[in-house]
1. Roughly to the nearest percent, how much of the accessible area of the chain is carbon and sulfur, given a 1.4 Å probe?
2. How much mean residue ellipticity at 222 nm does the chain get from its helices, if each DSSP H run of length 4 or more adds -39500 (n - 2.57) and you divide by all residues, to the nearest 500 deg cm²/dmol?
3. Accessible area per residue for the chain in Å², computed with a 1.4 Å probe and the full protein assembly in place, what is it?
4. Could you give the longest part of the chain that holds none of the GluC sites (Glu not before Pro) found in DSSP loops with at most 11 neighbouring Cβ atoms within 10 Å?
5. How many lysine pairs are close in the chain, with Cα atoms under 14 Å apart and the two 8 or more places apart or on different chains?
6. If you build a Gaussian network model of the chain, linking Cα atoms that sit under 10 Å apart, which residue out of ILE61, ILE81, ILE13 swings the most?
7. Only one of the values (1) 56, 30, 25; (2) 74, 27, 24; (3) 90, 17, 15 was calculated from this structure for Cα extents along the principal axes in Å; name its label.
8. Can you list the trypsin sites (Lys or Arg not before Pro) in the stretch 27-122 that are in a DSSP coil and have 10 or fewer other beta carbons within 10 angstrom?
Amino acid sequence: MNFKDKQAIYLQIAGYVLEQILLGEIPIGSKMPSIRDLAVQIEVNPNTVQRTYDFLQQKEIISTKRGIGYFVNDDAREKIIEFKKEQFISDELPNVFRSLHLLDIDFDELKKRYLTYIENNF
């Protein structure tokens, strides 16, 4: 992973894990990689991955089964979408709106470009 300076590393790892769940790379109900395995895979300290898993548990996206490991909760997809949507609306959307206004981009043009993007990428 390439980490950015503006956000805590454990939150960047959480974002990566959330995306992997949404993409189905980590299936709902499946066992999460162990803390040690994920730390080795993304080349960070295991304590950082532990903070990530603690954060994901607080958001009720994963849970632990004592002695077995961490698992993706059955309703994780809904929780992730809810969390990511709120994060997008509060953190990114104001900047998008500002740019749309400053560049005089109307919603019809935006919709057309959005639909083209979806068609070409999904």
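1. About 50 percent, which is the carbon plus sulfur part of the accessible surface.
2. -18500 deg cm²/dmol
3. About 75 Å² of surface per residue is accessible.
4. After excluding every exposed loop site, the longest remaining stretch is 44-122.
5. For the chain, the number of qualifying lysine pairs is 4.
6. ILE81
7. Answer label, from the structure shown: (1).
8. ARG66
The values are calculated or read from the model by the stated rules, or taken from the named source; none is laboratory data. Only a predicted model underlies this, so the values are computations on that prediction, with no experimental measurement involved. Cβ sites come from the backbone with ideal geometry, for glycine too, and all protein chains shown count toward neighbours. Note: areas computed on protein heavy atoms with side chains; ligands, DNA, RNA excluded. Shrake-Rupley method; radii C 1.70, N 1.55, O 1.52, S 1.80 Å.
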